[in-house]
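Chemist: Right, I'll just put the structure down here and ask away after.
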Amino acid sequence: MRILITNDDGIKADGLLPLVKWASKYGEVTTVAPLHEQSGKSHGIDIFHPIAVTKYDLCPETTAYAVDSTPADCVRFGIIGLGQTYDLVISGINRGYNIGQDIVYSGTVGAIYEAAAQGHKGLALSTDPATLSGALEQLDYVFKFFERNNLFAINNLYNVNIPENPQGVYITRQGLAKYSDEWVDMGNGTYQQVGQFIFENTKNLELDTDCVMNGYISITPLQSDRTNMPVFKKLAGYINQ
């Protein structure tokens, strides 16, 4: 198996090296990660400026590159720039859950959307910053769950969030917002966005938010096509007549 690994926390992030070493058990690993922190960059790419790419001595298990751009651009370089194809693109392990509406903003998830755009399978991995070591211990369990249920034959993109000491795993859908932001006036014409935790636990384990907050691994199938198909079919049925 050929695996491309990236993240949005940067080439020096605590979660990257252990993920690379874990993935090397399953195949040949190439790592292309941002030079600097890129959280919240979603699926953004830079098409206006030259992008610096340098080889990076990460560990013997991988050939690594640091890209001075977004996670999506890292995937683009790994596939288009290097002229390579991969059996799987893994993004993470992110410092912080990517659940609910955070999925929209996540550079971790944005990277696997780019993988799909390039015709590849993608897996985003996230955990709480305080539970990285515990999440690493669950990776074999998660990977075997994917293999046992042949999940990548059903869908090509999955978002996985791993809490501390998980009680099990659920297939979930995107939940509601976990934060509400305020713009705080810092003076001199500058503002700081500050998030307030607003999650309300309904214990509906079908939702990724509730699933993770109640101690279960959440596996959410995603798709690149943002068309609202029920509405499309409803409108096309009478507007196109």
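The values are calculated or read from the model by the stated rules, or taken from the named source; none is laboratory data. Here the structure is a predicted model, which means the values were calculated and not measured. Neighbour counts are summed over all protein chains in view; Cβ atoms, including those assigned to glycine, are modelled from backbone coordinates with ideal geometry.
Chemist: Answer yes or no as to whether residue 89 is closer than 17 Å to residue 218 by Cβ and either of a type outside the set (Lys, Arg) or within 16 Å of the chain's Cα centre (by Cα) (or both). Steps first, answer last, please.
Modeler: Numbers: closer than 17 Å to residue 218 by Cβ: no; either of a type outside the set (Lys, Arg) or within 16 Å of the chain's Cα centre (by Cα) (or both): yes.
No: the conditions fail for residue 89.
Chemist: Can you name the strands (runs of 3 or more DSSP E) wholly within region 124-200 that have at least 3 residues being in contact with a Leu (Cβ under 9 Å, 6 or more places away or on another chain), modelled with pLDDT of 95 or more and surrounded by 16 or more Cβ atoms within 10 Å (Cβ to Cβ)?
Modeler: Working: elements: 157-162, 169-171, 179-187, 190-197.
Fully inside region 124-200 and qualifying: 157-162.
Chemist: Here is a follow-up. Determine which member of the set 103, 93, 99, 79 is more than 28 Å from residue 211 (Cβ to Cβ) and crowded, with 20+ Cβ neighbours inside 10 Å. Steps first, please.
Modeler: On the way: 103 fails: more than 28 Å from residue 211 (Cβ to Cβ); 93 fails: more than 28 Å from residue 211 (Cβ to Cβ); 99 fails: more than 28 Å from residue 211 (Cβ to Cβ).
Unique residue meeting the criteria: 79.
Chemist: Right, next: Of the numbered conditions (1) out of contact with any Phe, Trp or Tyr (no Cβ under 8 Å at 6 or more places or on another chain); (2) surrounded by fewer than 20 Cβ atoms within 10 Å (Cβ to Cβ); (3) modelled with pLDDT under 95, residue 40 satisfies every one except a single condition; which is it?
Modeler: Looking at each condition in turn, residue 40 falls short on (1).
Chemist: So, in region 208-224, of the ones that are over 17 Å from the mean Cα position of the chain (by Cα) and either assigned to a loop (DSSP other than H, G, I, E, B) or aliphatic (A, V, I, L, M) (or both), which residue ends up nearest to residue 155 (Cα to Cα)? I'd like the intermediate steps shown before the answer.
Modeler: Applying the first criterion (over 17 Å from the mean Cα position of the chain (by Cα)) to region 208-224 yields 210-211, 213-216.
Going one step further and asking which of them are either assigned to a loop (DSSP other than H, G, I, E, B) or aliphatic (A, V, I, L, M) (or both), we end up with 213-216.
Numbers: 213: 25, 214: 26, 215: 25, 216: 21 Å.
Selected residue: 216.
Chemist: With the structure loaded, tell me whether residue 40 is assigned to a strand (DSSP E or B), within 22 Å of residue 104 (Cα to Cα) and in contact (Cβ under 8 Å) with a residue 40 or more places away in the chain or whether it fails that test.
Modeler: Details: assigned to a strand (DSSP E or B): no; within 22 Å of residue 104 (Cα to Cα): yes; in contact (Cβ under 8 Å) with a residue 40 or more places away in the chain: yes.
Taking the combined requirement at face value, the residue does not satisfy it.
Chemist: Moving on to the next point. Criterion first (in a strand (DSSP E or B) and either aromatic (Phe, Trp, Tyr) or modelled with pLDDT of 95 or more (or both)) does residue 111 satisfy it?
Modeler: On the way: in a strand (DSSP E or B): no; either aromatic (Phe, Trp, Tyr) or modelled with pLDDT of 95 or more (or both): yes.
No, not satisfied.
Chemist: Can you tell me which residue within region 141-159, out of those that are of a type outside the set (Phe, Trp, Tyr) and touching a residue at least 24 places away in the same chain (Cβ under 8 Å), is nearest to residue 218 (Cα to Cα)?
Modeler: Here is the first cut: in region 141-159, the ones of a type outside the set (Phe, Trp, Tyr) are 142, 144, 147-151, 153-157, 159.
Within this subset, residues satisfying the condition of being touching a residue at least 24 places away in the same chain (Cβ under 8 Å) are 142, 151, 154-157, 159.
Values: 142: 10, 151: 14, 154: 17, 155: 16, 156: 16, 157: 14, 159: 8 Å.
Step by step, filter region 141-159, then rank; the result is 159.
Chemist: If I go through region 214-241 residue by residue, how many of them are within 29 Å of residue 122 (Cβ to Cβ), modelled with pLDDT under 95 and not charged (D, E, K, R)? So that I can check it myself, show each step before the final result.
Modeler: Here is the first cut: in region 214-241, the residues within 29 Å of residue 122 (Cβ to Cβ) are 214-233.
Next, from what is left, pick out any that are modelled with pLDDT under 95: 224-233.
Still in the running and not charged (D, E, K, R): 224, 227-232.
So the count comes out to 7.
Chemist: Let me ask something additional. Go through region 1-31 and give me each residue that's in a loop (DSSP other than H, G, I, E, B), polar (S, T, N, Q) and surrounded by fewer than 23 Cβ atoms within 10 Å (Cβ to Cβ). Quick ask: steps written out before the conclusion?
Modeler: Quick first cut of region 1-31, residues in a loop (DSSP other than H, G, I, E, B) only: 1, 7-15, 24-27.
Now drop any that are not polar (S, T, N, Q), which leaves 7, 24.
Selection gives 24 alone.
Chemist: For region 189-241, which positions are within 30 Å of residue 150 (Cβ to Cβ) and hydrophobic (A, V, I, L, M, F, W, C)?
Modeler: At the first step, the residues of region 189-241 found to be within 30 Å of residue 150 (Cβ to Cβ) are 203-230, 232-233.
If the condition is that a residue be within 30 Å of residue 150 (Cβ to Cβ) and hydrophobic (A, V, I, L, M, F, W, C), then 205, 207, 211, 212, 213, 217, 219, 222, 229, 232 are the ones that fit.
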